[in-house]
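> Dropping the structure in here first, questions after.
Bear in mind that the values in this text are calculations on the coordinates, not laboratory data. Predicted model, so just to flag it, every value in this text is computed and none were measured. We place every Cβ from the backbone using ideal geometry, glycine too, and count neighbours over all the protein chains shown.
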Amino acid sequence: MAYCDWTDVESVFPLAGTIEAVGDNQSELLAEASDLADAYLAGVIRTPVEIPSGDTAYPRLVVRVTALLCADLVAARRFDGPEDQWQHDYDGHSYMGTRFGHRAMAQIQAMRQAKAFTEEQDTEPDLSIPKLDVSGFTTTDGTVEVRFLNGRFMRETRTTYLFEVRTHTGTVAEGDLSWIITRDADEELYDVYNPLVVPDTGWINIENGLQVRFVDGATAAWENAETFEIVCEPFTDQVADPGVTSREINLA
């Protein structure tokens, strides 16, 4: 499924519809641009990209990047001179394309740099994935899934979230599952008077890009007072000390 519509392409390149007016061809270009977006964004966010819970469209940045990549494919059909196709290096990747493609690459590069670590400094396990501990489940056989909306946690400190079931035999299917959530042991995001209500199996935004979703198990019941914990690492501290490195230099 394409991440954007043809109208999004025309919003960044008004002549796109004049260059390619056939609907089927437009659909093929949108699909190709979405595949390219997945390839370029794979190192930055989780792909394929999903529509966030409660929304009706993909994140705006994904839409814009895809529209620009599609506009690049369209423009390349008409703009093929050296003045229209130029080359630039993006963190070791040499990209040649029209101004639309370079605008897309610039936005992707900005997202990549915001992760604040290089490949050799990446700490295992991957800090771009929330760490989930469900050891507090003893009876519940439901499933918990966690992720970051844009591939990273947008808080500058390491944060731990404790989720505790606050309904007796709650179920997602019946819409009566609810939780209290405590941040860093003493800050209540949702308490017993204002619990987080789970209406369905869609993704739920907690804060700072953290999302969770719940799926009933075979017994379709979440037992009261059972818990799970999520640990999120800050995007500003996603590096490991690579240690001392050496380089051989040929002086001959």
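> Hey, if you put +1 on the Cβ of every Lys and Arg and -1 on every Asp and Glu Cβ in region 131-237, which of 211, 190, 178 ends up farthest toward the positive end of that dipole?
So the residue furthest toward the plus end is 211.
> Further, regarding this structure: Sort 8-19, 86-97, 191-202 for me by packing, meaning the mean count of neighbouring Cβ atoms within 10 Å per residue, highest on top. Mind dumping the intermediate values first?
Numbers: 8-19: 17.2, 86-97: 12.1, 191-202: 14.0.
My ranking of the peptides, most packed first, is 8-19, 191-202, 86-97.
> Residue 25 versus residue 231, label points 7 Å from Cα toward the beta carbon: distance in nm?
Spacing of the two 7 Å Cα→Cβ label points: 5.5 nm.
> Moving on to the next point. When only Cα pairs under 8 Å and 6 or more residues apart are kept, what is the percent relative contact order across region 131-237? Intermediate results must be reported in sequence, preceding the final value.
Values: 256 pairs, mean separation 48.5, N = 107.
Worked out over region 131-237, it gives 45 percent.
> Right, another one. Within region 162-180, whose backbone N sits under 12 Å from a point 7 Å along Cα→Cβ of residue 197?
Only 175-179 fall inside the zone, counting backbone N under 12 Å.
> Take the alpha carbon gyration tensor of region 6-114, find the square roots of its eigenvalues, order them as a ≥ b ≥ c, and report rounded if a/c is under 1.5; if not, report prolate when a/b exceeds b/c, else oblate. Let's see the in-between values first.
Working: a/c = 2.14, a/b = 1.11, b/c = 1.92.
In terms of gyration-tensor shape, oblate.
> Once you treat every alpha carbon in region 131-237 as an equal point and sum by Debye, what is log10 I(q)/I(0) at q = 0.13 Å⁻¹?
So the normalised log intensities are -0.44.
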